[in-house]
Amino acid sequence: MILVDSSVWIDFFNGRVTLETDHLDALLGTDVAATGDLILVEVLQGFRDESDFVTARRLLSKCPSFDLLGRGRAEPAAGRYRTLRRAGVTVRKTIDVVIGSFCIDEGIPLLFTDRDFLPMVEHLGLVPAVRPH
């Protein structure tokens, strides 16, 4: 199982060819590419065209999905954010800390292109699905 971040889904739906979108394309239909509630919000809110939205929603609904936060995960995510701050790193989006923290807790690799995850790889043990470049 690999959790796919919105940064990769957005590139995928926009037709960008990258190492990460190629990896995602190979995983689709295998129950290996998973998503999460917050990722779904980030991806689906960006569609302007209704038919593109429907197509994306249909594809995403076939992937396993996780609830990424909840009370039991909130404090560990806040702690990881604070750990990064003490290391001199400020993550720009709280959602990224929540996503990274979920993956760390569950031992699930994350497929991403968003650079905010790199400090989580370096300092917190987040496992990237594809080696960051």
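Just so you know, all these numbers are worked out from the coordinates, no wet-lab data involved. Keep in mind it's a predicted model, so treat the numbers as computed, not measured. Heads up, the Cβs are rebuilt from the backbone with ideal geometry, glycines too, and the neighbour counts pull from every protein chain shown.
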Environment charge of Ser7, counting only residues whose C-beta is closer than 11 Å and scoring Lys/Arg +1, Asp/Glu -1:
-4
DSSP loop trypsin sites (Lys or Arg not before Pro) in the range 48-105 with at most 10 other Cβ atoms within 10 Å of their Cβ, which ones?
Arg48, Arg92
Cα-only Rg/Rh for the range 52-113 with Kirkwood Rh rounds to 1.06
For n ≥ 4 DSSP H runs only, could you compute -39500 (n - 2.57) per run for the chain, divide by its residues and tell me the 222 nm figure to the nearest 500?
-16500 deg cm²/dmol
Nothing charged except the Cβ atoms of Lys and Arg (+1) and of Asp and Glu (-1): what's the magnitude of the dipole of the chain about its Cα centre? Round to the nearest 20 debye.
480
Please list, short to long, the whole-number percent of alpha-carbon pairs of the chain in consecutive 5 angstrom bins beginning at zero.
2, 11, 22, 23, 21, 12, 7, 3, 0, 0
For Cα pairs less than 8 Å apart in space and 6+ apart in sequence, what is the mean separation divided by the residue count of the chain, i.e. the relative contact order in percent?
30
Sequence-distant or interchain residues sharing an amide H contact under 5 Å with Ser65, placed H: which?
Thr35
Helix 71-86 axis, angle to the chain major axis (alpha carbon atoms, nearest 10°):
60
Can you tell me the length gained on complete extension of the stretch His123 to Thr83, counting 0.36 nm per residue apart and subtracting the Cα distance?
13.6 nm
Projected onto the charge dipole of the chain (+1 at Lys/Arg Cβ, -1 at Asp/Glu Cβ, origin at the Cα centre), which of Tyr81, Ser61, Pro128 gives the Cα projection farthest towards the positive end?
Tyr81
